[in-house]
Amino acid sequence: MQALSFAVHIPLVCFGVSLPAMVLYMEWLYLRSGDELYRTIARRWTRVMAALFAVGVVSGTILSFELGLLWPQFMARFGGVFGLGFAIEGFSFFLEAIFIGIYIYGWSRLSPRAHFLTGIPVVLSGFTGSWMVIMVNGWMNHPTGFKLRNGKAVDVDPVHALFGNSYFWHELVHMYVAGYMVAGFVLAGVYAFARLRGRWGRYERTALAVPLTVAALAAPIQILVGDWNGRVVAEKQPIKLAAFEGLGHTEKGAPIHILGLYRNGKVDYGIEIPKLLSFLSYHKFNATVQGLESVPANQRPSTSGVNVVRFAFQTMVGIGTLLAALSVVYFAALIRWRRLPDWIWFHRALVLAAPLSLVALLAGWTVTEVGRQPWIIYRVMRTSQAVTGAGGIPVGYATLALVYAGLAAATAWILVRLSKLPLQET
């Protein structure tokens with residue numbers, strides 16, 4: 001149930017973080033140039049932003065209830081450690097909701113400059129709210145800021161817990177770069193689809209260029225951030241790193257296997273690249289990488305869990321590499337011809353990039369959460385100790401799935417209706 005809610009909510013977080021900034025950039029272009037086209041795009045994107053924010057309110061509210069209902073021991077024993085983060089996230093949410101309302105209804109009621117200024121708190125509160133949640137997740141991966149005494153958290157320092165864990169910083173950058181990639185490629189994919197349908201006026205070209213440029217800048221950067229991420233995992237969570245590859249035994253000069261199936265402590269049927277795991281993890285070809293079997297079986301993911309992590313990790317890396325390559329093609333065309341690429345295959349690739357970016361996003365979170373198993377708080381609390389023992393979960397899951405299906409249908413209907421509004425009505 002929690003995974004289902006995250007799968008719905010996390011893409012909305014990406015739009016909540018990055019779309020307000022792109023809307024504000026479009027409005028800034030309008031203020032600077034006086035060109036009504038930029039204002040039209042900004043207003044249309046504002047409606048999309050409002051619709052997605054409303055959906056995010058629903059999924060976010062469900063998630064907040066799930067934390068207490070599904071993980072009662074987790075919240076009861078450690079809520080005092082990370083509760084500050086959720087409190088700040090709550091304040092950020094209300095601030096964002098207030099200023100989104102002002103921004104939406106202020107288009108025709110405020111001066112252009114005053115209206116632009118009301119958008120700045122939307123951008124900042126969207127950042128701070130998700131920032132706090134990522135802090136909590138970083139703490140779950142590298143718990144600090146408390147001591148355990150008789151199974152209880154004592155001597156709690158919530159500021160150190162949230163800001164002092166070394167896992168937080170790379171998670172923060174990784175998630176925010178992913179947010180701009182997802183929102184950028186999804187928006188660009190929408191206008192690329194319009195291009196394939198024969199609509200390719202100045203409006204479509206401009207509305208495609210901005211999010212595509214944002215996403216194309218983020219995609220290569222994400223490769224560097226991913227390298228940073230991997231090296232932190234190698235240092236702080238070596239068993240999770242071993243799950244990425246399915247490395248059963250501690251090995252010097254550890255390889256990477258592309259595809260394949262992990263079983264009996266090794267990967268079968270995969271394409272082996274010698275020493276690559278050691279190099280990517282420690283920047284040394286002969287570095288020693290700790291294997292899964294270096295810890296007892298009850299302290300590492302199960303065989304099925306390892307295969308889930310391997311598949312998710314390779315999916316994330318593979319899609320990220322393809323998106324970075326598409327970004328290089330885009331910038332090469334801009335430098336060479338100083339215009340948007342007009343090749344049909346390029347726009348088809350952009351249409352595919354939209355859902356692929358979402359798949360990579362969810363695969364990344366699967367790697368983060370499943371790779372940490374069997375711990376909900378790394379080496380402090382097991383998932384089995386935190387989860388509820390209440391019955392009726394299958395009924396709750398089915399109900400939740402129906403709710404999200406209805407929500408998805410309603411969201412799709414709203415977005416299609418918004419896309420069909422004539423430009424002159426914007």
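The values are calculated or read from the model by the stated rules, or taken from the named source; none is laboratory data. Since the model is a prediction, treat every value here as computed from it, not as a measurement. Cβ: placed from backbone, ideal geometry, glycine included. Neighbour counts: every protein chain shown. We work out accessible area using only protein heavy atoms, side chains counted, and drop any ligands, DNA or RNA first. Shrake-Rupley method; radii C 1.70, N 1.55, O 1.52, S 1.80 Å.
Observations
- A DSSP coil position with no more than 14 other Cβ atoms inside 10 Å describes the following chymotrypsin sites (Phe, Trp or Tyr not before Pro) in the stretch 341-426: 343.
- Between 0 and 90°, nearest 10: helix 36-70 axis offset from the chain longest Cα axis: 30
- Label point 7 Å beyond Cα of residue 403 along Cβ direction - residues of the stretch 1-24 with amide nitrogen under 14 Å: 1-9
- Qualifying lysines (Cα of each under 25 Å from Cα of residue 266; at least 8 residues distant if same chain): 236, 240, 252, 275, 284
- Taking label positions 7 Å along the Cα-Cβ direction at both residue 73 and residue 421, the computed distance is 5.0 nm, reported to one decimal.
- Label sites at residue 169 and residue 294, each approximated as a point 7 angstrom past Cα along Cα to Cβ, lie 2.4 nm apart.
- Residues 366, 321, ordered by accessible area of protein heavy atoms at a 1.4 angstrom probe radius and largest first, appear as 321, 366.
- 0 to 90° range, to nearest 10: angle between helix 167-196 axis and the chain longest Cα axis: 40
- Helix 344-370 and the longest principal axis of the Cα set of the chain meet at an angle near 40°.
- Per-pair calculated FRET efficiency, R0 = 35 Å: residue 352 and residue 384 via Cβ, rounded to 0.05: 0.30
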